[in-house]
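What follows is a single structure, written as structure tokens, with notes after it.
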Protein chains: 2
Amino acid sequence: MTRRSRDEGVRRVEILDAAIDRFGRNGYENTKWADVADDVGIGPTALYHYFDSKQHCLYVILDEALDELRERFDAITAEHADPRDALRAVCADCFALSEREVLRNRVLVAEQALLSGASTAQREEQARLAGREKTRALEVAWARFLADAMRQGAIPERNPRMLARAILGLYNSIWHWYRPDQTLVLPTLAEFFGARMLAVAGVQRDHAPVV
Amino acid sequence: MTRRSRDEGVRRVEILDAAIDRFGRNGYENTKWADVADDVGIGPTALYHYFDSKQHCLYVILDEALDELRERFDAITAEHADPRDALRAVCADCFALSEREVLRNRVLVAEQALLSGASTAQREEQARLAGREKTRALEVAWARFLADAMRQGAIPERNPRMLARAILGLYNSIWHWYRPDQTLVLPTLAEFFGARMLAVAGVQRDHAPVV
């Protein structure tokens, strides 16, 4: 990697960080693309070297978030032979978040609707379709994991796709109201909502399954 | 009531119905205010006799929805002496919906974010604040009901406000993906998600409490 491309990589991450911070705190619609440029200390024209538009940047944020969420899900479920242990570990990991990840979750849930509306610009449209497909694939991965846990008798038999939607729906709902600067801290959130997500699946945090 | 004011009342409901249908199926942003006028068969100018703007109409829809949700919640919880029966009845009632109410739920969850951003127009701002306050009040009513159920030993002791958010969060998540013309019918949704909402509270659909 040349010095120049390394510098460009660093700059790209800085722009993504600034955009996540702005989008997460003030909302995507309320954020001016020029403000993101200001935060990073570059001109608006230089910004277009990295992203075609504010929307393109948003799609890249969503796309990278979904890649990371999927990697974490796959790694943790692969680590545990017992499906109940795996589910407990996944539900705990859901709350092991940096401030950047909390803000990114806020962006994910607030702007999910944008993934359903088609864009006319080709590069934006590719990013949008990729994000939508990855959202679907993550839900399918959850459903497969849950179906497998049902087959092993670890959790009660139910429609696995709907159960995945219920667990993810409960989890996603948190980021509609939770803000990282709130007095309510992440460990409290993890304690409470981690157990509620397990209850949806029919699993107690530390004990036997609950039908 | 004069004939004229009765006619105006009927027309107002027609406009609200048309707006709920458009907003619920195509999204608020994608709906042109003039299309709503077309649906009802009046000119855009006549529309302004009833609503100041598309946004004002949206706020009225949200406001009326929250009034109805609150009335139903209050009536059903008052009907049942046993808190577990009351919770089961509320969770069943949540899915006793007309197509209009399903579409309105879609509008409610999709446009909830609009309730947090201030508007410059006075009448819109009043409607926005009323909607926000009623959303908060409904959550408080749920939390009070749950706290009372905890005191009576009907459901396990937990933070009632967070439990209210968890149950409502799970319920609201459904309307992000459910469409009334889907093959998945409401009774199936009620069967599955009603039981999962009860599981979040620590209650089984038909039996003893689950901790």
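Laboratory data are not the source of any read-out in this text; all were calculated from the coordinates shown. Since the model is a prediction, treat every value here as computed from it, not as a measurement. Glycine gets a Cβ as well: all are built from the backbone with ideal geometry, and neighbour counts include every protein chain shown.
So for B:Trp177, B:Trp142, fewest C-beta neighbours within 10 Å to most, what's the order?
Values: B:Trp177 14, B:Trp142 20.
Ordered by Cβ neighbours within 10 Å, fewest first: B:Trp177, B:Trp142.
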- Message: Using a Gaussian network model on chain B with a 10 Å cutoff between Cα atoms, which of B:Gly194, B:Gly27, B:Gly131 fluctuates the most?
- Response: B:Gly27
- Report, for B:Ala141, each distance to the same residue's label point in the other copies, shortest first and in nm; define the point 7 Å along Cα→Cβ. 4.1
- Simple spin-label estimate for A:Glu68 and A:Arg123 in nanometres, 7 Å along Cα-Cβ: 2.2
- Cα→Cβ-extended label distance, 7 Å offset, between B:Asp206 and A:Asp82, nm: 3.1
- Which of B:Ala121, B:Ala96, B:Ala154 moves most in a GNM of chain B, Cα contacts under 10 Å? B:Ala121
- Using modelled amide H (1.01 Å from N, peptide plane; none on Pro or chain starts), what sits under 5 Å from the amide H of A:Val203, excluding residues fewer than 5 places away? A:Val210
- Pull up the cross-link candidates among the aspartates and glutamates for A:Lys54, meaning alpha carbon to alpha carbon under 16 Å and not fewer than 8 places away within one chain. A:Glu14, A:Asp17, A:Asp21, A:Glu29, A:Asp35, A:Asp38, A:Asp39, A:Asp63, A:Glu64, A:Glu111, A:Glu124, A:Glu125
- How far is it, in nm, from the label point at A:Glu139 to the one at A:Ile42 when both lie 7 Å from their Cα along the line to the Cβ? 3.5
- Item | Kirkwood Rh and Cα Rg combined as Rg over Rh, evaluated for the stretch A:60-211 | 0.98
- Message: So if the hydrodynamic radius of the stretch B:1-60 is defined as the Kirkwood radius over C-alpha pairs, what does Stokes-Einstein give as its diffusion coefficient at 4 °C and 1.567 mPa s, in µm² per second?
- Response: 112
- Message: Using the crude model of +1 on Lys and Arg Cβ and -1 on Asp and Glu Cβ, and no other charge, please compute the dipole size for the stretch A:1-112 relative to its Cα centre, in debye to 20.
- Response: 240
- Suppose R0 equals 30 Å; then what is the FRET efficiency for B:Arg161 and A:Ala113 from their Cβ-Cβ distance, rounded to the nearest 0.05? 0.65
- Message: Can you tell me the orientation of helix A:54-79 relative to chain A, as the angle in degrees between its alpha-carbon axis and the longest Cα principal axis, to the nearest 10?
- Response: 30
- Task: Arrange the following residues from fewest to most other Cβ atoms within 10 Å of their Cβ: B:Lys54, B:Lys32.
- Result: B:Lys32, B:Lys54
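Would you mind giving the mean number of other chain beta-carbons within 10 Å of the Cβ of each residue in B:159-167, as a whole number?
4
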- Query: What ranking of B:Cys57, A:Cys91 emerges when the number of other C-beta atoms within 10 Å of each C-beta is taken as an exposure proxy, fewest first?
  - Reply: A:Cys91, B:Cys57
- Task: Within 10 Å of each Cβ in peptide B:194-205, how many partner chain Cβ atoms are there on average? Round it to a whole number, please.
- Result: 4
- Note on the structure: Within 10 Å of the Cβ of an average residue in A:182-189, the count of other chain Cβ atoms is 1
- Message: Suppose every Lys and Arg Cβ carries +1 and every Asp and Glu Cβ carries -1, with no other charges. What dipole size does the protein assembly as shown come out with about its Cα centre, to the nearest 20 debye?
- Response: 160
